[in-house]
1. Among THR206, THR12, which comes first, second and so on when ranked by fewest other beta-carbon atoms within 10 Å?
2. What ranking, highest mean first, results for peptides 14-24, 259-269 when packing means the other Cβ atoms within 10 Å averaged over each residue?
3. Sort ILE281, ILE250 by Cβ crowding within 10 Å, fewest neighbours at the top.
4. Report the gain in length on full extension from ASP68 to ARG107: 0.36 nm times residue separation, minus Cα-Cα distance, nm rounded to one decimal.
5. With +1 on each Lys and Arg Cβ and -1 on each Asp and Glu Cβ, and nothing else charged, work out how big the dipole of the chain is about its Cα centre, in Debye to the nearest 20.
6. Putting +1 on Lys and Arg Cβ atoms and -1 on Asp and Glu Cβ atoms, find which of THR57, ALA237, ILE285 reaches farthest to the positive end of the dipole of the chain.
7. Please report, in Å, the Rg and the Dmax of region 76-223, where both are computed over Cα atoms only.
8. How do LEU165, LEU298, LEU133, LEU45 rank when sorted from fewest to most other Cβ atoms within 10 Å of their own Cβ?
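FYI, it's all coordinate maths here, none of it is from the lab. Bear in mind the structure is a predicted one, so any value in this text is a computation, not a measurement. Note that we place each Cβ from the backbone using ideal geometry, even for glycine, and neighbour counts take in every protein chain shown.
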Amino acid sequence: MGFRVLKGGLLTTVQDFGRYGYQSQGFNVSGVMDPRSFRIANLLLDNPENEAVLECTLIGPTLEFTSDQIIAITGGDFRPELNDDPVPMYTAIYVKKGDVLKVGSARTGRTCYIAFSNYLQVPVVMGSRSTNLKCGIGGFKGRKLRDGDYISTRIKRRKYLPYFLSRTLPLHEFDDNAVTVRVVMGPQAEAFSAKGLDTFLNSEFTISSNFDRMGVRLDGPFVESKAGSDIISDGIALGAIQVPAHGKPIILLADHQTAGGYAKIGTVATVDLPKVAQRRIDDKIRFQKITVEEAQHLLKVQEHEYQEFRNRIHKPCKEVLEVRLTAKRLERLFEE
């Protein structure tokens, strides 16, 4: 029970929220690049929020299913096809044994996510199923998927009502080639001159080709420091923005190092991490300064959005049950 990988795609890995609690020992968190799309994929299938998925980068995989199940694909628009017919994103899709899913190249965005109603049978390593490519642990054999791999799935006793395959949410577009990313300044903003801070907050930067799961370097004007940006190495948070001596900001992402010796001018607000993760080469980014309290408020608003999504896809369930209960009451009435 599971699926066979006919083509592995450019970079397809098993990911969840990540491996927390081990950064002090040098293990980075890893996990999904776009937490928003990840959560919605599992939400569409009533999966546990942290259930492992496949993360696909730029060019997706081709999978042949060896068991029936339901899947959902979210993130950038990778133009997926099932048995050569287009299938929608952000929708619960029924696949049968022998079906072939082809996830193409990204029309918008950079990553997409495939969630499965039959959970991926991969080992839990240090509390997570995420793939750590540098350490070669987690996920499927600690590496990206290759042609010919076979991943088993864990079948759970789950009841699917008729309404289930009507679940769909609006496609989240990532085709804006210019975005504003909100940042909390620091922890070493004081290492930069007034001119450097002004440049950072009032200039446009370009996504460079130096972009991987560890981070992305931005091209643009020189961000000036007061006396160099080298510091005694300290801990690094997801979304931290380092500025080395060359003056070009680097936004650190899912596979970021646990510590670093360059001053960090700011940190991307959690809610805007998907904006960064879904950028493409030559896209434009500007930064907007916000406070910690504003970042926390944005996170609360996002959680409210998830609850609205949950209510929206569960509403048909209530309607189906109400119709069935009404029908049963009528049946009993006529029997009397």
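1. Details: THR206 15, THR12 26.
Taking fewest neighbouring Cβ atoms as first place, the list is THR206, THR12.
2. Values: 14-24: 18.7, 259-269: 21.4.
Highest-to-lowest ranking by the protection proxy: 259-269, 14-24.
3. Working: ILE281 12, ILE250 22.
In order of increasing Cβ crowding within 10 Å: ILE281, ILE250.
4. On the way: separation 39, 0.36 × 39 = 14.04 nm, distance 2.81 nm.
Gain in length upon complete extension: 11.2 nm.
5. Values: 45 positive and 40 negative charges, 162 e Å.
Taking the Cα centre of the chain as origin, the dipole is about 780 debye.
6. Of THR57, ALA237, ILE285, it is THR57.
7. 20.9, 62
8. Details: LEU165 13, LEU298 16, LEU133 19, LEU45 25.
Arranged by neighbour count, lowest to highest, LEU165, LEU298, LEU133, LEU45 become LEU165, LEU298, LEU133, LEU45.
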